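Only one structure is covered here, and it is reproduced in the block below.
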Amino acid sequence: MKPEILEFRTLIEGATSIAVVAHERPDGDAIGSLIALTLSLQNAGKQVASILADGVPNRFRFLPGTDDVQRTFPTDCNLLIVLDCSDVERTGFEVEDLPRSVDINVDHHPTNTHFGVVNIVDPHASATAEILFGLAEPLGLEIDSRVATNLLTGLVTDTIGFRTTNVTPQVLNVVARLIELGAPLSEIYERALNRRSIIVARYWGYGLLRLEQEDGLVWTSLTLEDRQRVGYSGKDDADLINLLSTIDGAEVTVIFVEQSEGAVKVSWRSRAGLNIAPLAEAFGGGGHHQAAGAMIAGDLEEVTKRVISATRGILKSVTESRR
Ligand code: AMP
Ligand code: MN
Ligand code: MN
């Protein structure tokens, strides 16, 4: 057994009150991983609190175990586990508001800063949920159907329905095993990826109207006014980026989502062979080679100009090096 897994096991055995937290604006991998680990530790007799700074978005409420997610930490916590976060700030909590320093960091972002005492970071994993699946046996944790459902949600959403280049035969073997353990694949796929409200469709409409294209670059923006007009309560792009990245010739797709705090949430997606994570990092964010994001201070117009210019530069250098 790898030393860090042994350490993970020892820390769990010694803990009486565990807090598990995943990232702000949680996606399916953050929520699925969080709930899966929480439930399996609870099944092993541990006292565990699931924490998300932003709570659970409506579309993931179908997942078993999401009702118990809290927005604040218990005071008596003696083990802190952070999931699917490339750095500690991604939890959405100020470091001084965490109940203790991070004991265990489980993640798959290549930009992970190894902020835990124990760090289990595998950038080749398609999702944090895939890493947790592999940890269950060595940690002595059981995967029942509720745990399997949450883990499979992490895999389905982070691979956008198994469309990303990191989907290996091994990933599909994990998927097969999770289905055998009781995870309903078609229901998860439908609810977590396919279904959307009329409000979201109208919101996308505003973004689609403003679509811009220049060579291999496709981008658009969503404003505070758009959200108000359609009544969308989130602060994100409602996954419009995944639709834009299907456009022919879009080597890099960028979306700008205006925030009320004088900032813009930027998301990038790129086709295989074009690593945009360093660019997101240069803007204070992070992510994967083909999916990255950052929160950038400034107004929509100014941030768009800066980011498009920098992204154009990356795209140009990559296409020139291919010649
Ligand atoms: P998004 O663009 O929000 O869909 O995120 C794409 C990827 O980038 C995800 O893997 C995120 O975890 C990562 N990411 C997004 N925003 C940030 C950020 N502000 N800091 C670090 N990583 C981020
Ligand atoms: Mn995530
Ligand atoms: Mn993830």
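Readers should treat all values here as calculations from the given coordinates under stated rules, not as data from a laboratory. Keep in mind it's a predicted model, so treat the numbers as computed, not measured. Glycine also receives a Cβ, built like all others from the backbone with ideal geometry; neighbour counts cover every protein chain displayed.
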Within the under-14-Å Cβ sphere about Gly249, not counting Gly249, Lys/Arg +1 and Asp/Glu -1 give a net charge of -3
A chain fully extended from Glu261 to Arg9 at 0.36 nm per residue, minus the present Cα-Cα distance, gains in nm 86.6 nm
Among GluC sites (Glu not before Pro) in region 64-157, those in a DSSP loop whose Cβ has at most 10 other Cβ atoms within 10 Å are Glu94
In cubic angstrom per residue, the convex hull of region 198-321 built on its Cα atoms measures 94 Å³
Region 151-237 -> Rg/Rh from Cα coords, Kirkwood Rh, value 1.10
Summed over the other residues with a beta carbon less than 10 angstrom from that of Arg312, with K and R at +1 and D and E at -1, the charge totals -1
Using alpha carbon centers only, region 80-108 is separated from region 258-323 by a whole-angstrom value of 24 Å
Rg/Rh over Cα atoms for region 1-52, Kirkwood Rh, comes to 1.01
Taking the convex hull of the alpha-carbon atoms of region 3-193 and averaging its shadow over every direction gives an area in square nanometres of 9.5 nm²
Tilt, helix 169-180 to longest principal axis of the chain (alpha-carbon atoms), in degrees rounded to tens, equals 60 degrees
Rounded to one decimal in Å, the inverse mean reciprocal Cα-Cα distance for region 11-94, i.e. its Kirkwood radius, is 12.7 Å
With no solvent term and unit scatterers on the alpha-carbon positions of the chain, Debye gives log₁₀ I(q)/I(0) at q = 0.08, 0.09, 0.10, 0.12 Å⁻¹ of -0.36, -0.46, -0.57, -0.82
One can check that the equivalent ellipsoid of region 175-222, built from the alpha-carbon gyration tensor with semi-axes equal to the square roots of five times its eigenvalues, has lengths in Å, largest first, of 34, 16, 5
Here the gain from full extension of Glu180 to Ile198, 0.36 nm per residue of separation minus their alpha-carbon distance, amounts to 3.1 nm
What one gets for region 91-224 as the Kirkwood radius, inverse of mean 1/r over different Cα pairs in Å, is 17.6 Å
